[in-house]
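Read-outs: derived from the displayed coordinates by stated rules, not from any lab. All of these numbers come straight from a predicted model, not from anything done at the bench. FYI the Cβ positions are ideal-geometry reconstructions off the backbone, even for glycines, and counts take in every protein chain you see.
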Ligand code: S3P
C-alpha cells in the first residue's frame, strides 16, 4: 500500500507520518525534506530564488514519481501539494494508494503556526496573530475542497501523535 498524508501546514503530517510509517514497517518520505535534499536548498530558498510556481510544479512531479515507483511507503506531503495541478485526481486514481486528510481546528493550527512560521514562506511575514488567523481561515476554506477528497478524513482535534496513529490504524484495517 501507499499512504499519502495531506492537510494544512501544522496539521501534524510529518510527526504522524513518521510514527505511522514505523508502526506499519513502511518507508517514510517527507516530501518537503525530499525536495530540499534533491534541490540542495531549503523550501524558503526555493520560493525566494525560483518562485512559487516552480515549487508547485516540482512537488507535483516528485510526488508522482514517488507514487509510481515506491511501494509500502508513507509520504507526508506539503500543505499545498494536494491543492495544485492535477495532484488530487492523480492520487485518487492510483491503485493501492490511500489518501488521508489530517484535519485540525483553526485555533490549533494558528497556535502552532504562529510559533513555527519562520520556515514557511507563505506565512513567514505575518507577525500579527489575528492576521494569521484570518489568513488561515480563508486559505483553509479554499483548500478544503481538495483535502476533503481524501479517502480517510481524520479529525486530529488536539490528540497526541500516538492517539492519531491508533485512530488511523483502526480506520485502515
Ligand atoms: C506549503 C506548506 C509547506 C511547504 C511550503 C508550502 C503550503 O509544507 O510545502 O512551505 O502551501 O501549504 P508543510 O505543510 O509541511 O508546512
Label point distance in nm, residue 68-residue 33, each placed 7 Å from Cα along Cα→Cβ: 2.5
Projected label distance in nm at residue 161 and residue 52, using a 7 Å step from Cα toward the beta-carbon: 2.9
Run the helix sum for the chain: -39,500 (n - 2.57) per DSSP H stretch of 4+ residues, divided by residue count, reported at 222 nm to the nearest 500 deg cm²/dmol. -17000 deg cm²/dmol
What's the exposure ranking of 42, 68, going from fewest to most Cβ atoms within 10 Å? 68, 42
Show log10 I(q)/I(0) for the chain at q = 0.11, 0.16, 0.17 Å⁻¹, two decimals, from a solvent-free Debye sum over equal Cα scatterers. -0.43, -0.96, -1.09
Evaluate the distance, in nm, between pseudo-label points positioned 7 Å from the Cα of residue 23 and of residue 94 along their respective Cα→Cβ axes. 2.1
For segment 27-74 and segment 153-169, write down the distance between their C-alpha centroids in whole Å. 25
So if each residue of separation counts as 0.36 nm, and I subtract the Cα-Cα distance between residue 107 and residue 135, what length gain in nm does that give? 8.9 nm
Rounded to the nearest 0.05, FRET efficiency between residue 127 and residue 153 (Cβ-Cβ, R0 30 Å) equals 0.40
To the nearest whole percent, what portion of all C-alpha pairs in segment 1-95 is separated by more than 22 angstrom? 24
For segment 112-173, what percent of Cα pairs sit more than 18 Å apart? 55
Hydrodynamic radius by Kirkwood, which averages 1/r over all alpha carbon pairs of segment 86-136, in angstrom: 13.0
